[in-house]
């Protein structure tokens, strides 16, 4: 059985996702959604064709952009410019994030 604290935390994450979705929509992203990835998931190197933004809502994500490692955790935002090559690995506790894309499926 889940504790009341766990329930409150889940509600907090849902509200946080909704705020970040609204923020990215207000910034003009045409496709915005929240995602949840399992621990250790690997995104192989790929290139975003247009601007993409990620905002972490829970957990962590390590992203490699142009051979530079960026470690992201809750509330961190990463703006990825067009034609940027990147790869990523989800942290040990998984990762929840809101992604804004100009081209659906670009991340």
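Of the listed requirements (1) closer than 16 Å to residue 13 by Cα; (2) surrounded by 13 or more Cβ atoms within 10 Å (Cβ to Cβ), residue 75 misses just one: (2). Of the listed requirements (1) closer than 26 Å to residue 10 by Cα; (2) modelled with pLDDT of 95 or more, residue 64 misses just one: (1).
The values are calculated or read from the model by the stated rules, or taken from the named source; none is laboratory data. Computed from a prediction, not measured in an experiment: that's the story for all the values here. Don't worry about glycine lacking a Cβ; one is built from the backbone with ideal geometry, like all the others, and counts go over all protein chains shown.
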